1. Is it the case, given these coordinates, that Asp5 is out of contact with any Ser or Thr (no Cβ under 9 Å at 6 or more places or on another chain) and of a type in the set (Asp, Glu)?
2. Would you mention how many residues in the range 12-23 are surrounded by 19 or more Cβ atoms within 10 Å (Cβ to Cβ) and of a type outside the set (Ser, Thr, Tyr)?
3. Restricting to the range 114-128, what's the tally of residues that are at pLDDT below 90 and touching a Ser or Thr at 6+ places or on another chain (Cβ under 6 Å)?
4. Which residue is surrounded by the fewest Cβ atoms within 10 Å (Cβ to Cβ), if the candidates are limited to the range 28-44 and must be touching a Lys or Arg at 6+ places or on another chain (Cβ under 8 Å) and without any contact (Cβ under 8 Å) to a residue 40 or more places away in the chain?
5. Hey, Pro137 hits all of (1) modelled with pLDDT under 90; (2) more than 13 Å from the chain's Cα centre (by Cα) but one; which does it fall short on?
6. Among the numbered conditions (1) of a type in the set (Asp, Glu); (2) more than 28 Å from Arg4 (Cβ to Cβ); (3) assigned to a helix (DSSP H, G or I), tell me where Glu141 comes up short.
7. Only residues that are farther than 19 Å from Gly189 by Cα and among the basic types (Lys, Arg): list them for the range 123-166, please.
8. Show the residue pairs meeting these rules: Cβ distance below 6 Å; 6+ apart or different chains; first residue within the range 126-148 and outside the structural domain of Lys183 (by TED's automatic domain parsing) and buried (at least 22 other Cβ atoms within 10 Å of the Cβ); second residue assigned to a helix (DSSP H, G or I) and not polar (S, T, N, Q).
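The values are calculated or read from the model by the stated rules, or taken from the named source; none is laboratory data. Treat the numbers as computed from the prediction; the structure is a model and nothing was measured. Please note: Cβ atoms are built from the backbone with ideal geometry, for glycine as well, and neighbour counts cover all protein chains shown.
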Amino acid sequence: MNTRDAKEILLLYRGTTDDSDPQFCAALDYAKSDPELGQWLREQTKCYDTIRTKLRGIEPPLGLSEKIVRSRPIPFPRIWSRVLQLAAAIVISASVTVLLMKWSERRNHSVAGAQEILVTGEVLDMTCYIAYNLSGPDHAECARVCIRNGLPVGIKAQDGKVYLLSGEPGHSVNAELADYAAKTVTIKGRQSVRDGFAQLQVEEIRKL
């Protein structure tokens, strides 16, 4: 196992809940011997806890559960319904992260002929934005941690269009953008589209 393999496994790690799960044991042991990976894991777990807290803080409308049961009876206990909902949310988040990370590995194609544009908007943590529609000042700390840890970063333009941000081949822009999480900046870069994603290869970051 190497750092990359361990990180892919630990992207699904949910803290002490998974400590006894055999599939995480090897990755956790590896993280103990790799200080950088260990630090990443601590920040990743903190980000997960923040998301979980936000999800738990969402209050459904009064009487919603009764309306759902009356209109469509659930053939299993409510406690399992909650478990499955949480599991689905976790799977969606992990899937979005993995897919974006896989795509980001393939995005370093030539953009020599791409159009150079300026985009002003909010810097996004793409994983949380796509999976949970989280953005804005309330999500700033979690977004900052996720971006600093290498998760995909994007920008939401004032017209609502979202771009996945990348650097020159072999160069990540995450470190430069992490402190701008949830803030409005202007990005100068070259626009392209890959597999349906709008991408902006960053050339300059202008703080407003």
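1. Yes: the conditions hold for Asp5.
2. First pass over the range 12-23, keeping only residues surrounded by 19 or more Cβ atoms within 10 Å (Cβ to Cβ): 12-13.
Filter once more, keeping what is of a type outside the set (Ser, Thr, Tyr): 12.
Here the count works out to 1.
3. 2
4. At the first step, the residues of the range 28-44 found to be touching a Lys or Arg at 6+ places or on another chain (Cβ under 8 Å) are 37-38, 40, 43.
Of the ones still in play, those that are also without any contact (Cβ under 8 Å) to a residue 40 or more places away in the chain are 37-38.
Details: Leu37: 20, Gly38: 14.
The qualifying residue surrounded by the fewest Cβ atoms within 10 Å (Cβ to Cβ) is Gly38.
5. With respect to (1) modelled with pLDDT under 90; (2) more than 13 Å from the chain's Cα centre (by Cα), Pro137 is out only on (1).
6. (2)
7. Within the range 123-166, Arg144, Arg148 meet the criteria.
8. From the range 126-148, no pairs qualify.
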